[in-house]
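Colleague: I have a structure I would like to understand better, so I am pasting it below and will then ask my questions one at a time.
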Amino acid sequence: MSRLVIRRHLLFGWLAEEPDLAEKEARNLQLLERKGIAAPRLVAVDVDGSACDVPAVLMTRLPGHLELAPKDVDP
């Protein structure tokens with residue numbers, strides 16, 4: 001079974017400055033996949049929000065978690 005993540009872009013100020021944000025994220029995920037870099041894989045993208053109400057990217061979920069303040073990083 002595959003686990004998926006949907007990233008809905010809700011920061012409207014950011015979207016006003018970068019309306020192609022979801023499209024850029026999708027291209028970056030495709031580039032990482034072509035390079036063989038471990039990263040989520042693109043499943044689908046809604047570049048203009050017509051399907052998800054806001055621009056969104058659907059991708060595979062990788063195991064693990066995001067560490068925003070790692071304790072073992074050299075200064």
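Colleague: List the residues whose amide H sits under 5 Å from the amide H of V45, counting only those 5 or more places along or on another chain, with H placed 1.01 Å from N in the peptide plane.
Modeller: L58
Colleague: Out of these labelled values of Rg/Rh (Cα atoms, Kirkwood Rh), [x] 1.00; [y] 1.38; [z] 1.04, which was calculated from the coordinates shown here?
Modeller: Working out Rg/Rh (Cα atoms, Kirkwood Rh) from the coordinates points to [z].
Colleague: Let me ask something else. Go through the stretch 33-49 residue by residue and turn each phi into a ³J(HN,Hα) via Karplus (6.51, -1.76, 1.60, θ = phi - 60°); whole Hz please, and just put x for glycine and proline.
Modeller: 5, 4, 7, x, 8, 5, 7, x, 9, 5, 9, 7, 9, 10, 5, 10, x
Colleague: Along the stretch 60-69, what does the Karplus equation 6.51 cos²θ - 1.76 cosθ + 1.60 (θ = phi - 60°) give for ³J(HN,Hα), rounded to whole Hz, x for Gly and Pro?
Modeller: 6, 9, 9, x, x, 8, 8, 9, 7, 9
Colleague: Read phi for every residue in the stretch 12-20 and hand back ³J(HN,Hα) as whole Hz from Karplus 6.51 cos²θ - 1.76 cosθ + 1.60, θ = phi - 60°, with x for Gly and Pro.
Modeller: After applying 6.51 cos²θ - 1.76 cosθ + 1.60, I find 5, x, 5, 5, 5, 7, 10, x, 9 Hz.
Every number here is computed from the coordinates shown, using simple stated rules; none is lab data. Keep in mind it's a predicted model, so treat the numbers as computed, not measured.
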